[in-house]
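Undergrad: Dumping the structure here so I can ask a few things about it.
The values are calculated or read from the model by the stated rules, or taken from the named source; none is laboratory data. Please read all numbers here as calculations on a predicted model, not as lab measurements. A quick note on method: Cβ atoms are made from the backbone with ideal geometry, for glycine too, and the neighbour counts reach across all protein chains shown. In case anyone asks, the SASA skips ligands and DNA or RNA and just uses the protein heavy atoms, side chains included. Shrake-Rupley method; radii C 1.70, N 1.55, O 1.52, S 1.80 Å.
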Amino acid sequence: VGLHNHGFWRPKPLLDTARFTLSFNSRHRKNHQDSQALWKHEAVQKYLETLSKEYQQASHLLRADSLNDFEQRTLRRRCANLSPIAAAFQEIKEAEREVQELEVMCTELDSRDEKQLLELALEEKESLDEKMNMLCRKLFQLLVPKEKYDGSPVILEVTAGRTTGGDICQQFTKEMFEMYQNYADYKRWTFDIVNYTPAEIGGLHHAAAHISGENVYRHLKYEGGTHRVQRIPETGLSSRMQRIHTGTMSVIVLPQPEEVDVKVDPKDLRIDTFRARGAGGQHVNKTDSAVRIVHLPTGLAVECQQERSQQMNKEVALRTLRAKLYQQIIEKQLSQEQSARKLQLGTRAQSERIRTYNFTQDRVTDHRISYDARNIKEILSGKEALDKLINRLLEFAEIEAVTQYLENLQALEGGG
């Protein structure tokens, strides 16, 4: 909280980390497994107390008549930012007091006659713990700034990796693409296939889709990366030998730019047409409706063959090209902003596996947050189980962002 020498309000910034992406080597993971654990951290309490006092002081100053119009507008904006944080802070404090009162009650209820009352108190405590976690999560969501691209639609691409096991990667890639398609349906998003290149034995080499809806990029941004599968193939020699094969596929998630975001000079494009291949209806292999566009300055190439019209395929391909060019701009900014910290880019994490799907153990492991989920079929169905995993990733990212900010704050205080 601070006032200028002449009485002018100088607002302190809220959490101002530019963007957060998941870190594979966070030394805070042990200490901050969930939002409630981070809430109890001394630095977090001190920071939130400061914001709460700032809100109270700003509210008090707003009621004074000594401010000019500009100062009043500045204070109102600051109060609007701080109000939900201060309210959530007080709400958690109240819930925490209720938990403490219940804990005291539980220690006193130890006679047999009070066994039923003790059980009720323990149930109430469990319910309050869940409420505390929810409130802490809400608070940290308020602290962490919304990313510029969180509300954007995306281009999602899947590509099969290579393995000596034959078609295991292609089959897994198809299952993953269908998982995201089902997840889009579960979230009530629109899922439009842009490109689809099937493999010979029922799998999938490569596919891309345009996904639009509410907060699509926010939910899918950490899906980008290498996904590993371990399974015994259902057909072939290795299936009879009960031999486990390991394969990979990669996912790329690109925020979809608006037309104005990226300008592409037609002179920089080479546009080729060819006959569509694979499933797609009567027009396949009869007309040169498929389009491939190469951006000559960067060498980026995209293609689309899903529409019957060559012009429509060209429009979709151009939209995908803009998304890829836009992504290069984003990554350049991120590398500059985060050069001091080696973070895994959530949009193009091709260098390391981010998740393993082990069919023989019926387990999915996300290596970035050491999270295990049972029942692979439920995850691959693209519904509640996948949504739970994705939300766990988002919560972890929020916790890491708050931790990062507090680290920076403490370093500044220590240096000053």
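Undergrad: Which whole-Hz couplings ³J(HN,Hα) result when phi for each residue of the range 174-190 is put into the Karplus expression 6.51 cos²θ - 1.76 cosθ + 1.60, θ = phi - 60°, listed in order with x for Gly and Pro?
TA: Listing the rounded values in order: 5, 5, 5, 4, 5, 4, 5, 5, 5, 5, 4, 5, 4, 8, 6, 9, 9 Hz.
Undergrad: Going by average Cβ neighbours within 10 Å, how do the peptides 117-124, 190-197 rank, with the highest at the top?
TA: Working: 117-124: 13.6, 190-197: 17.8.
So the peptides 117-124, 190-197, ranked by packing, come out 190-197, 117-124.
Undergrad: Relative contact order, percent, of the range 35-143 when contacts are C-alpha pairs under 8 Å separated by at least 6 residues?
TA: Details: 65 pairs, mean separation 38.7, N = 109.
RCO, the range 35-143: 35 percent.
Undergrad: Keeping all protein chains in the complex and leaving out DNA, RNA and ligands, what accessible area do you get for Thr159 with a 1.4 Å probe, in Å² to the nearest 10?
TA: 50
Undergrad: Per residue of the range 382-389, in order, report the coupling 6.51 cos²θ - 1.76 cosθ + 1.60 (Karplus, θ = phi - 60°) as ³J(HN,Hα) in whole Hz, putting x for Gly and Pro.
TA: x, 10, 4, 5, 5, 4, 5, 5
Undergrad: Could you please put His41, His219 in sequence from largest to smallest accessible area, using a 1.4 Å probe? Mind dumping the intermediate values first?
TA: Working: His41 70, His219 30 Å².
Ranking His41, His219 by accessible area, largest first, yields His41, His219.
Undergrad: Working out 0.36 nm times the residue gap between Arg308 and Ser212, then minus their Cα-Cα distance, what length gain in nm do you get to one decimal?
TA: Values: separation 96, 0.36 × 96 = 34.56 nm, distance 2.17 nm.
Using 0.36 nm per residue and subtracting the Cα-Cα distance, I get 32.4 nm.
Undergrad: Any idea how far apart Ala64 and Arg97 come out in nm if each label point goes 7 Å out from Cα toward Cβ?
TA: In this crude spin-label approximation the distance works out to 2.9 nm.
Undergrad: Could I ask something else about it? By how many nm would the segment from Val264 to Phe359 lengthen if fully extended, with 0.36 nm per residue of separation less the alpha-carbon distance?
TA: Answer, rounded to one decimal: 29.8 nm.
Undergrad: What are the ³J(HN,Hα) values, in whole Hz, obtained from phi via the Karplus relation 6.51 cos²θ - 1.76 cosθ + 1.60 with θ = phi - 60°, for each residue of the range 214-223 in sequence order, with x given for Gly and Pro?
TA: Each residue's phi maps through the Karplus curve to give 7, 6, 5, 5, 4, 7, 9, 5, 9, 7 Hz.
Undergrad: Which number gives the lysine pairs in the range 35-143 that have C-alpha atoms under 14 Å apart and are eight or more places apart or on different chains?
TA: Values: Lys40/Lys93; Lys46/Lys93; Lys93/Lys131; Lys93/Lys138.
Taking the range 35-143 as the scope, the lysine pair count is 4.
Undergrad: When ranked by the protection proxy of mean other Cβ atoms within 10 Å per residue, highest first, what sequence do the peptides 354-365, 60-71, 97-108 form? Spell out each step's value before the answer.
TA: Values: 354-365: 18.0, 60-71: 11.0, 97-108: 12.8.
Averaged packing, sorted descending, gives the order 354-365, 97-108, 60-71.
Undergrad: Rounded, prolate or oblate: which one fits the range 187-228, using the alpha carbon gyration tensor with axes a ≥ b ≥ c (rounded when a/c is under 1.5, else prolate when a/b beats b/c, else oblate)? List each step's numbers first, then the result.
TA: Numbers: a/c = 3.08, a/b = 1.59, b/c = 1.94.
Oblate is the answer for the range 187-228, as a/c is 1.5 or above yet b/c matches or exceeds a/b.
Undergrad: Starting from the Kirkwood radius over alpha-carbon pairs of the range 35-143, derive D by Stokes-Einstein at 4 °C in a medium of 1.567 mPa s and give it in µm² s⁻¹.
TA: Taking Rh from Cα pairs, D becomes 80 µm²/s.
Undergrad: Once R0 is set to 56 Å, what does the formula 1/(1 + (r/R0)^6) return for the Cβ-Cβ distance between Arg188 and Leu296, expressed as a FRET efficiency to the nearest 0.05? Can you show the working numbers first?
TA: On the way: r = 39 Å, r/R0 = 0.71.
According to the calculation, E is roughly 0.90.
Undergrad: Once you place label points 7 Å from the Cα toward the Cβ at Glu178 and Phe274, how far apart are they in nm?
TA: About 2.7 nm, to one decimal.
Undergrad: Mind listing the long-range amide H neighbours of Val194? Cut-off is under 5 Å, sequence gap 5 or more, other chains count too, H placed in the peptide plane at 1.01 Å from N.
TA: Ala208, Ala209, His210
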